[in-house]
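Asks: Can you read through this structure? Questions will come right after.
The values are calculated or read from the model by the stated rules, or taken from the named source; none is laboratory data. Computed from a predicted model, the values in this text were never measured in an experiment. Glycine also receives a Cβ, built like all others from the backbone with ideal geometry; neighbour counts cover every protein chain displayed. Remember, those area values only see protein heavy atoms, side chains included, never the ligands or the DNA or RNA. Shrake-Rupley method; radii C 1.70, N 1.55, O 1.52, S 1.80 Å.
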Amino acid sequence: MAVKPWTYYLVILLVASSILCFVNLGKISLWNNNEPRYAHTARNMLESGDWITPRYKGELRVDKPILTYWLIAASSKLLNHGKVNEFTARFPFAVMGVLGVIILFFFGRAVSGDLAGFVGALALLFTNEYILTARRSIPDMALCFFILMTLFLFYQGYQSVERKRLFYTLAYIFAALGFLTKGPVAVVIPGGTVFVYLVVRRDLRGLRRLFYIPGVILFFAVTLPWFIMVGPEFCKGFFLLHNVKHGLVGLDHQKPWYFYFPALPVCFAPASLFLPAGVWGWLKERDRAGSPFLLPLIWFFFTLLIFSMAAAKRVVYLLPVTPALALLTGMAISRFLEGELDKGFNALVETGIALSFLCLAVAPFLPMYFKLHTGGWLPALAIIPIFLFILHIKRPEAKTDALIFLGLLFFAAYGLYFIHYQPQYDRFHRSAKPLATRIKKVVDDAPLYRMGSFDAALEFYLGRPYLPKISDAGDLKEAFLKTPKRFFIITRAKDWERLDKAYKSKLQVVFATVSRGKRFVLLESTGPKP
């Protein structure tokens, strides 16, 4: 039996995405505050046996619905006997990163052919924000994947006659999973995209089908039970505080409306670099309403509009635009290789290719910016993309060769970073594990408090459900009353220096050390309350 040509594309995508999503996945510490918060909450869930109520630091965590915690907890249960570590916390999202690349390939095939699907899937894999988020234990990759699946299944159902109901039903189920991951945005983005798409196509019958009753019933059957079980306190905090107020006012991450415009070309390269070509391709189509460029364009601009209107903004929030940009990239480059459109379109694709080579030429200098040891040889690698780009200019007829080299360079650059430089960056600049290990050797099972500003990563690696916080002299006095014999406090050096002398006399410094550029002090009680 002959192997179909598209299966070769599929094997390449599966191997490349698996390598980039999984290499050293468990050897990098949980970074920032978000990764350890989700991992810590999942660990509390496993230790308490309560899989309904997410708790962090002993309190109800209302930031996000339950699915992210379930994924981490289930992964840890299956892969590590119920113990949460870096690999088990990130594993579900790395899997979704790989699956997203594969689904994008089939989406591109359905919209514009095998080549468009293949190039689009590679563009998704090599997009900076996508591959980095696929390797983190935060809900944004899951949300992106569920939105991609919802729109892919809608498109399949819209094009199908015999299996229309099946695809629409599955689309509602994936929208429900997205809702359990990050709330209403999982419905607003695909729902709004489809609505605008059908309006532009003037398809009133399609609009009526959009509200597919069995799908709506299944959506509520998947989402409502957990929200009912977790109770009104969570619902009030999540929907009113973390959705309405966060969107209108911004609890944190407040940015101006134009925040995403300068961030988009850099953080979502190389796929973002081909957006102008995608817009041009749609403008040049005779039947614009029937153009394959239309759906991803609406997807991109609608999502950008929604997130730009919100008061709170972070680059990772915009992750759901990456599949749309990747689809546009795949269609633009496939048309470019086939020579179907005009000189203006070709010039925009060539510009995207040139900027992609420029990104690769700049990449070898980034480790120097982050103060990593490069050995002096890494910047020399910038010569390779520059040389290949010059070769491409001199041989414009060899379009396919230039794109193959471009793909190989992106794969090599990410591989070098994840294999060599990310572990180095983690070890010297990001890991809280060395400090946590040193504290645990001294503290053992004695009571441990935290004082002043703190970070979730250190709390996670200390391995306790949570650390009671000492905010002022009253809290410190209470700590002496509760634990008169012996207890410890971990704090920043600046907070220790500001402490009242009456309390300083009853606390001794066990050790002081620098971790991730900040000076920490471990204190031990030495007597009764002041």
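Asks: When you scan the stretch 147-161, do you find a residue that is without any contact (Cβ under 8 Å) to a residue 40 or more places away in the chain, surrounded by fewer than 18 Cβ atoms within 10 Å (Cβ to Cβ) and farther than 17 Å from Ile306 by Cα, even just one?
Replies: Yes; the residues of the stretch 147-161 include at least one that is without any contact (Cβ under 8 Å) to a residue 40 or more places away in the chain, surrounded by fewer than 18 Cβ atoms within 10 Å (Cβ to Cβ) and farther than 17 Å from Ile306 by Cα.
Asks: With the condition kept exactly as written, say whether any residue in the stretch 384-396 is in contact (Cβ under 8 Å) with a residue 24 or more places away in the chain, of a type outside the set (Ser, Thr, Tyr), surrounded by fewer than 16 Cβ atoms within 10 Å (Cβ to Cβ) and over 22 Å from Ile19 (Cα atoms).
Replies: Yes, because at least one residue in the stretch 384-396 is in contact (Cβ under 8 Å) with a residue 24 or more places away in the chain, of a type outside the set (Ser, Thr, Tyr), surrounded by fewer than 16 Cβ atoms within 10 Å (Cβ to Cβ) and over 22 Å from Ile19 (Cα atoms).
Matching residues to (1) of a type in the set (Gly, Ala, Ser); (2) in contact with a strand residue (DSSP E or B) (Cβ under 8 Å, 6 or more places away or on another chain); (3) open to solvent by less than 30 Å² (accessible area, probe 1.4 Å); (4) within 23 Å of Gly100 (Cβ to Cβ):
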{"site": "Lys4", "(1), (2), (3), (4)": "no, no, no, yes"}
{"site": "Ala16", "(1), (2), (3), (4)": "yes, no, yes, yes"}
{"site": "Leu20", "(1), (2), (3), (4)": "no, no, yes, yes"}
{"site": "Val23", "(1), (2), (3), (4)": "no, no, no, yes"}
{"site": "Val62", "(1), (2), (3), (4)": "no, no, yes, no"}
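Asks: Being among the β-branched types (Val, Ile, Thr), touching a helix residue (DSSP H, G or I) at 6+ places or on another chain (Cβ under 8 Å) and modelled with pLDDT under 95 narrows it down to one residue among Val321, Val362; which is it?
Replies: Val362
Asks: Inspect the stretch 331-340 for any residue being β-branched (Val, Ile, Thr), within 26 Å of Thr400 (Cα to Cα) and crowded, with 22+ Cβ neighbours inside 10 Å and give the result as yes or no.
Replies: Scanning the stretch 331-340, I find at least one residue that is β-branched (Val, Ile, Thr), within 26 Å of Thr400 (Cα to Cα) and crowded, with 22+ Cβ neighbours inside 10 Å, so the answer is yes.
Asks: Something else: Within the bounds of the stretch 70-79, is there any residue that is of a type in the set (S, T, N, Q) and surrounded by fewer than 16 Cβ atoms within 10 Å (Cβ to Cβ)?
Replies: No - not one qualifying residue is present in the stretch 70-79.
Asks: For the subset of the stretch 441-459 comprising residues that are over 31 Å from the mean Cα position of the chain (by Cα) and outside any loop (DSSP other than H, G, I, E, B), which member is surrounded by the fewest Cβ atoms within 10 Å (Cβ to Cβ)?
Replies: Lys441
Asks: Here is a further query. Tell me which residues, restricted to the stretch 344-367, are open to solvent by 60 Å² or more (accessible area, probe 1.4 Å) and either under 18 Å from Ile419 (Cβ atoms) or among the hydroxyl-bearing types (Ser, Thr, Tyr) (or both).
Replies: Those that are open to solvent by 60 Å² or more (accessible area, probe 1.4 Å) and either under 18 Å from Ile419 (Cβ atoms) or among the hydroxyl-bearing types (Ser, Thr, Tyr) (or both): Thr351, Leu366.
Asks: Here's a follow-up. Do any residues in the stretch 343-370 that are within 30 Å of Gly517 (Cβ to Cβ) have Cβ atoms under 7 Å from those of residues that are open to solvent by 50 Å² or more (accessible area, probe 1.4 Å), where the two are at least six apart or on different chains, and which pairs are they?
Replies: Matching pairs, first to second residue: Ala361/Ile386; Pro364/Leu381.
Asks: Counting just the residues of the stretch 187-223 that are among the aromatic types (Phe, Trp, Tyr) and open to solvent by 40 Å² or more (accessible area, probe 1.4 Å), which one comes out nearest to Ile306 (Cα to Cα)?
Replies: Looking at the filtered set, the residue picked out is Phe195.
Asks: Can we say Ser48 is surrounded by fewer than 23 Cβ atoms within 10 Å (Cβ to Cβ) and hydroxyl-bearing (Ser, Thr, Tyr)?
Replies: The answer is yes for Ser48.
Asks: Right, next: What single numbered condition from (1) touching a residue at least 12 places away in the same chain (Cβ under 8 Å); (2) farther than 30 Å from Arg427 by Cα; (3) loosely packed, with under 15 Cβ neighbours inside 10 Å; (4) not acidic (Asp, Glu) fails to hold for Phe480?
Replies: (3)
Asks: Another question, if that's okay. From the list Phe511, Phe488, Phe428, pick out the single residue that is more than 19 Å from Ser525 (Cα to Cα) and within 38 Å of the chain's Cα centre (by Cα).
Replies: Checking each option against the conditions leaves just Phe428.
Asks: Which members of the stretch 136-182 meet the condition of being modelled with pLDDT under 95 and among the basic types (Lys, Arg)?
Replies: Arg163, Lys164, Arg165 - these are the residues of the stretch 136-182 that are modelled with pLDDT under 95 and among the basic types (Lys, Arg).
Asks: Within the stretch 26-45, which residues are surrounded by 18 or more Cβ atoms within 10 Å (Cβ to Cβ) and either at positive phi or not polar (S, T, N, Q) (or both)?
Replies: Result: Ile28, Leu30, Trp31, Glu35, Pro36, Arg37, Tyr38, Ala39, His40, Ala42, Arg43, Met45.
Asks: If Asp426 satisfies all but one of (1) in a strand (DSSP E or B); (2) among the charged types (D, E, K, R); (3) over 18 Å from Lys57 (Cα atoms); (4) open to solvent by less than 60 Å² (accessible area, probe 1.4 Å), what's the number of the condition it fails?
Replies: For Asp426, the exception is condition (1).
Asks: Which one of these is closer than 24 Å to Leu403 by Cα, of a type in the set (Phe, Trp, Tyr) and open to solvent by less than 10 Å² (accessible area, probe 1.4 Å): Phe107, Phe118, Phe126?
Replies: Phe107 is the lone residue from the list that is closer than 24 Å to Leu403 by Cα, of a type in the set (Phe, Trp, Tyr) and open to solvent by less than 10 Å² (accessible area, probe 1.4 Å).
Asks: Residues in the stretch 51-60 that are open to solvent by 20 Å² or more (accessible area, probe 1.4 Å) and either touching a helix residue (DSSP H, G or I) at 6+ places or on another chain (Cβ under 7 Å) or within 22 Å of Arg135 (Cα to Cα) (or both): how many?
Replies: Adding up the residues that qualify gives 6.
Asks: Let me confirm something: among Asp475, Asp495, which residue is assigned to a helix (DSSP H, G or I), surrounded by fewer than 19 Cβ atoms within 10 Å (Cβ to Cβ) and touching a strand residue (DSSP E or B) at 6+ places or on another chain (Cβ under 6 Å)?
Replies: The unique qualifying residue is Asp495.
Asks: Sort out which residues of the stretch 460-472 are in a loop (DSSP other than H, G, I, E, B), farther than 23 Å from Ala502 by Cβ and open to solvent by 10 Å² or more (accessible area, probe 1.4 Å), and write them in order of number.
Replies: Across the stretch 460-472, the qualifying residues are Gly463, Arg464, Pro465, Tyr466.
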